[in-house]
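The next block holds one structure in the form of structure tokens; read it before the comments.
The values are calculated or read from the model by the stated rules, or taken from the named source; none is laboratory data. Values in this document were obtained by computation on a predicted structure and should not be read as measured data. Here the Cβ positions follow ideal geometry from the backbone for every residue, glycine too, while neighbour counts run over all protein chains shown.
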């Protein structure tokens, strides 16, 4: 009988936590823990192309092809694992 009780409580626990579609982190569904700066994410894609203003973000080397720049289009961060440049509250896949 205890196993059934644990299964129910685990299901309830899963319903209380949601997956954020922006940062892919699990968060408590209660509104008190989902503040305006809970989620850190990049609002744009990680791209492989020239920057509009190369000197501002990326200095191409003499042997680099013009498309060698890889960066987040929103902020210019060149590391795919760079922390997000924007904060907001979490948004669940269920919130749509």
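Odds and ends about this structure:
- Within the range 47-74, if we keep just the residues that are touching a helix residue (DSSP H, G or I) at 6+ places or on another chain (Cβ under 8 Å) and part of a loop (DSSP other than H, G, I, E, B), the residue that is modelled with the highest pLDDT turns out to be 69.
- Meets criteria (assigned to a loop (DSSP other than H, G, I, E, B), loosely packed, with under 10 Cβ neighbours inside 10 Å and at pLDDT 90 or above) for residue 77: no
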